[in-house]
1. Filter region 120-130 down to the residues that are in contact with a strand residue (DSSP E or B) (Cβ under 8 Å, 6 or more places away or on another chain), small (Gly, Ala, Ser) and near the ligand (Cβ under 6 Å from one of its atoms) and list them by number.
2. I'm checking my understanding of the structure. Among residues of region 234-247 that are among the polar types (S, T, N, Q) and open to solvent by less than 20 Å² (accessible area, probe 1.4 Å), which one is nearest to residue 261 (Cα to Cα)?
3. Restricting the search to region 424-456, which residues are of a type in the set (S, T, N, Q) and either within 9 Å of the ligand (Cβ to nearest atom) or outside any loop (DSSP other than H, G, I, E, B) (or both)?
4. Please tell me if residue 370 is in contact with a Leu (Cβ under 7 Å, 6 or more places away or on another chain), more than 30 Å from residue 299 (Cα to Cα) and among the charged types (D, E, K, R).
5. Tell me whether region 260-274 contains one or more residues that are among the aliphatic types (A, V, I, L, M), open to solvent by less than 10 Å² (accessible area, probe 1.4 Å) and either within 14 Å of residue 423 (Cα to Cα) or in a strand (DSSP E or B) (or both).
6. Would you point out the residue of region 392-423, among those that are under 18 Å from residue 241 (Cα atoms) and in contact with a helix residue (DSSP H, G or I) (Cβ under 7 Å, 6 or more places away or on another chain), that is nearest to the ligand (Cβ to nearest atom)?
7. Being assigned to a strand (DSSP E or B) and open to solvent by 10 Å² or more (accessible area, probe 1.4 Å) is the filter here, so list the residues in region 396-411 that pass it.
8. Over 23 Å from residue 321 (Cβ atoms), under 23 Å from the mean Cα position of the chain (by Cα) and crowded, with 22+ Cβ neighbours inside 10 Å: which single residue out of 231, 250 fits that description?
Amino acid sequence: MPPCLAQGGLDRPETRRVLGVGPGVVLQRARVGEVEAQGRRYGTRGGRASRNPASLDGERVRNQPQRSPGVSAAGFERPTIETDVAVIGGGAAGLYVALRAAEHGAEATLVSRKPLTESASFWAQGGLAAALAPDDSPARHAQDTLNAGRGLCRSEAVEMLTREAPGAVAELRERGVRFDPDPASPDGALSLALEGGHSARRIVHAGGAQTGRAITGRLAQLVAESERIRVLEETSALALWSDGSECAGVMTDTGPIAARATVLATGGGAALWQRTTNPWGAIGAGAVLAHAAGAALADLEFCQFHPTALALPGSGHDGTLLTEALRGEGAELLDASGRRFTDELAPRDQVAAAILDRMDADGTDHVALDLRSIPPERFPNVFEACRAAGFRPESQPVPVAPAAHYLMGGVVCDLDSATTLPRLYAVGECSCSGAHGANRLASNSLSECFVFGARAAA
Ligand SMILES: Cc1cc2nc3c(=O)[nH]c(=O)nc-3n(C[C@H](O)[C@H](O)[C@H](O)COP(=O)(O)OP(=O)(O)OC[C@H]3O[C@@H](n4cnc5c(N)ncnc54)[C@H](O)[C@@H]3O)c2cc1C
C-alpha cells in the first residue's frame, strides 16, 4: 500500500497541533473496549469497555461512556454562543444536518474551518447511489454494498442507507438540486451512471462529474438564506465541551458554543496519506475530537484507496481523482505494454490491488487509464484536470495509481447518528455506522450524508 504520511516524514500540518488538542488529552484515553457486530469485534477506543453491542444496534445509545478529562468554557474570554444544534463541518453532511434541523424548528450554528470549496463534498465527482431504475431495487443495491464491504458491513445500516437513498435524491431535487436528465428519456428520468461493484446503473450525477459542486453549492445557498442558521466560517473546533458523561457543545478558536445537541460532520482522514484524493484538511478531526471527549471509535484500519488518481509524484496534480464513472463508460486500464489486465468495474479494493500488483510486476510507479473512447463533454472537468496536468486525454492514456480516498472507520454511531457520548452525533465520512464495512461501495458516501443526516436532524 502507499506509505502513510507519518512514515514518510510529516510535511503537512500535524493533526493534534492543528486541532489545538494537546497530546496528553488525546493519548491518555487509549483504553480499548470491544463491541461485536456481524460476528466481528469492533475495537473501540476510549468509549465503553463493555461487550454490550448497543453502540452498533438500532437503539440510541444510553450507556455511560468512560469519563474524559473534561473540557468546559471556563477560562474562555469570548462570550458563549447558545444554540440548539452545533454542527461542526460545512460539507454535504454538515450543511444538510443544519438545514434539516432548522426546518424542524431548531436554531443551528454551523462552524467550518475551511471554505466550502475545500471540502471533499465539493470535490465529489461521480454522484450518489440510489436504486431508481425500473429494473433495480434497494435490496439489490444493499447486496452490492454488502459484497463490496467484504462481510464486515452492519446489515441494518446498509438496509437503511439503500432503502432511504431514493428518497434522499427526491428531497435534494425538491430543494433545487438539478441532476443530469437522461437525454433519451421522454419523461425526464434522471441519467444513471454505472460504477465499480454496482450490478445496475444507479449513480445520479450533476454537471457531468461536478456532482459535489452542484449539491453543496445549492445547500450552501439554502443555509445562507435560513434565518435559523448561523454560519461561522474560518472557525475551527478545538475540543468538544464535555465532562465525559455528555456533550454540552464545542470549543472553537473563536469561542465556546453551548448546544443541546452537537453534530460532528468533519469529513474523513485520507489526507494523512502521501498520495490522496482528499483536500488537505481531511485529517480525521472528528475522530480526534470524539476520542478526546470519550466517544467510541471503530474501523480506523479501513482506509479505501481509489484505484485511479493521477500519478505525477512531486506535482500538485498528483492524486487528482479520475472518477470511477469513466470506467463505467468504458475507460480501460492498461499496463506498461499497453494491455488490459483487470476488470475495470470490480469493487475498488480489487481494482486497486490489481493495479499495485501490476505496478510491482512491471517495475513502474503507475499504470495507464485510456480515456480515448470517452466523450469529453460527458466529463468536462475531468478532461480539463488532465489537460491542466499536461496531458491530452483524447489522444493519450494518462498515468494513474491508487490514492488514499475514503476512511470507512470513524466515530461509532447508531442508525440515528447518535454516538456513544450522549448529545453527540456524527454524520458523513467522520461517522462509522457500519454501512461500508471494510470497503465502501462507490458513490454510497454522498447518499450516506443525506440519509443519516436527515435521521440525525429528526
Ligand atoms: C475527489 C473526491 C471525489 C469524490 N467523489 C465522490 C462521489 O462521486 N460520490 C460519493 O458518494 N463520494 C465521493 N467522494 C467521497 C465524498 O465526497 C465524501 O466522503 C463526503 O463528501 C464527505 O462529506 P462530509 O460532509 O462528511 O465531509 P467533507 O465534505 O469533507 O466536509 C468536512 C467539513 O468539516 C470541516 N472541518 C474539518 N475539521 C474541522 C474542525 N476542526 N473545525 C471546524 N470544521 C472542520 C471542513 O472544513 C469541511 O467543511 C469523493 C471524495 C473526493 C475527495
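1. We begin by selecting, within region 120-130, every residue in contact with a strand residue (DSSP E or B) (Cβ under 8 Å, 6 or more places away or on another chain); these are 123, 125-130.
Applying the additional criterion that residues be small (Gly, Ala, Ser) yields 126-127, 129-130.
Of everything in region 120-130, those that are in contact with a strand residue (DSSP E or B) (Cβ under 8 Å, 6 or more places away or on another chain), small (Gly, Ala, Ser) and near the ligand (Cβ under 6 Å from one of its atoms) turn out to be 126, 127.
2. Quick first cut of region 234-247, residues among the polar types (S, T, N, Q) only: 235-236, 242, 245.
Pick out the ones that are also open to solvent by less than 20 Å² (accessible area, probe 1.4 Å) and you get 235-236, 242.
Details: 235: 18, 236: 18, 242: 12 Å.
Top of the filtered list is 242.
3. Looking only at region 424-456, we keep the residues that are of a type in the set (S, T, N, Q), and these are 431, 433, 439, 443-445, 447.
Answer for region 424-456, where residues must be of a type in the set (S, T, N, Q) and either within 9 Å of the ligand (Cβ to nearest atom) or outside any loop (DSSP other than H, G, I, E, B) (or both): 431, 443, 444, 445, 447.
4. On the way: in contact with a Leu (Cβ under 7 Å, 6 or more places away or on another chain): yes; more than 30 Å from residue 299 (Cα to Cα): yes; among the charged types (D, E, K, R): yes.
Judged against the criteria, residue 370 is a match.
5. Within region 260-274 (the criterion being among the aliphatic types (A, V, I, L, M), open to solvent by less than 10 Å² (accessible area, probe 1.4 Å) and either within 14 Å of residue 423 (Cα to Cα) or in a strand (DSSP E or B) (or both)), the answer is yes, since at least one residue qualifies.
6. The initial filter retains those residues of region 392-423 that are under 18 Å from residue 241 (Cα atoms), namely 411, 418-423.
Of the ones still in play, those that are also in contact with a helix residue (DSSP H, G or I) (Cβ under 7 Å, 6 or more places away or on another chain) are 411, 419-421.
Details: 411: 11, 419: 14, 420: 19, 421: 17 Å.
Selected residue: 411.
7. So in region 396-411, the residues assigned to a strand (DSSP E or B) come out as 398-407, 410-411.
Within region 396-411, 399, 405, 407 meet the criteria.
8. Values: 231 fails: crowded, with 22+ Cβ neighbours inside 10 Å.
Criteria check complete, one pass: 250.
The values are calculated or read from the model by the stated rules, or taken from the named source; none is laboratory data. The structure presented is a predicted model; accordingly, all values stated were derived computationally and were not measured. Because the Cβ atoms are built from the backbone with ideal geometry, glycine has one as well, and the counts that use them run over all protein chains shown. All accessible areas refer to the heavy atoms of the entire protein, side chains included, with ligands and DNA or RNA removed. Shrake-Rupley method; radii C 1.70, N 1.55, O 1.52, S 1.80 Å.
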